[in-house]
Amino acid sequence: MERKEAVKKLQLLKGKELHELAKQLGVTIYKDGKVNKGWAGHVFERYLELPINSAQSPNFGSWELKSVPLKVLKNGNYSIKETMAITMIDPVNVCQKEFEESHLLAKLKKAVVVVRTVGKTVDEPSYVHSVVEFNLTGGLYESVRADYNLVRNILLDPKRGFNMLTGTMGVYIQPRTKGAGNGSTSRAFYARKSFLKEFIDI
């Protein structure tokens with residue numbers, strides 16, 4: 001499915017409640033008594049009749065599908081709830097690839113993001129708020145490129161290396177621990193809330 005067609009179809013979901021869609025599409029919210037963390041994304045993939053895919057290349061060839069939650073503040077306004085995982089950091093690959101050929105750019109350059117409201121628990125209603133397309137241009141492109149190169153330069157430096165990457169780094173894109181607890185050794189690129197605000201109108 002091409003990006004334009006997918007965006008058009010996803011736009012039809014605005015205002016729809018995700019639990020109802022999950023039930024209709026056979027997506028389980030709980031698995032073995034635990035919350036299936038990717039359930040919302042699975043709903044959108046199933047809705048588009050596409051296979052669930054976590055490979056490092058963009059999901060559907062020329063574009064990448066993501067989901068971002070919004071929480072409701074006490075004053076009734078929306079706020080972006082959390083940062084957005086983009087792709088795992090493979091040190092060997094990052095060292096070999098300039099930004100223009102990176103997995104990070106491939107994921108971000110043509111991203112389609114479904115924005116949804118969420119409650120305090122997974123059982124509370126969740127509604128599709130908007131569908132946003134990521135297009136990196138101008139100063140934003142250069143800032144993300146600088147964030148990537150910061151990570152790359154640390155990986156290329158024999159005195160620093162992979163274990164020196166922390167979530168404090170990066171203006172828009174941060175290299176952060178991914179996985180259970182502080183003992184996790186894997187890292188992933190995450191989009192900061194400031195980056196998401198560049199595209200999501202709340």
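Per-structure values
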read-out	value
Residue list for region 1-17, restricted to those being of a type in the set (Lys, Arg) and in a helix (DSSP H, G or I)	Arg3, Lys4, Lys8, Lys9
Members of region 79-102 found to be part of a loop (DSSP other than H, G, I, E, B) and over 23 Å from Gly167 (Cβ atoms), listed by number	Glu98
Within region 63-78, considering residues that are of a type outside the set (D, E, K, R) and surrounded by 12 or more Cβ atoms within 10 Å (Cβ to Cβ), the one modelled with the lowest pLDDT	Trp63
In region 18-40, the residues that are part of a helix (DSSP H, G or I) and modelled with pLDDT under 90	none
Any hit, region 94-117, residues being farther than 24 Å from Val171 by Cα and aromatic (Phe, Trp, Tyr)	no
Residues (out of contact with any helix residue (DSSP H, G or I) (no Cβ under 8 Å at 6 or more places or on another chain) and closer than 16 Å to Glu20 by Cβ) located in region 99-121	Thr117, Val118, Gly119
Unique residue being at pLDDT 95 or above and closer than 17 Å to Met88 by Cα when the list is Asn163, Asn149	Asn149
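The values are calculated or read from the model by the stated rules, or taken from the named source; none is laboratory data. Keep in mind that this is a model prediction, so the values were computed, not measured. FYI the Cβ positions are ideal-geometry reconstructions off the backbone, even for glycines, and counts take in every protein chain you see.
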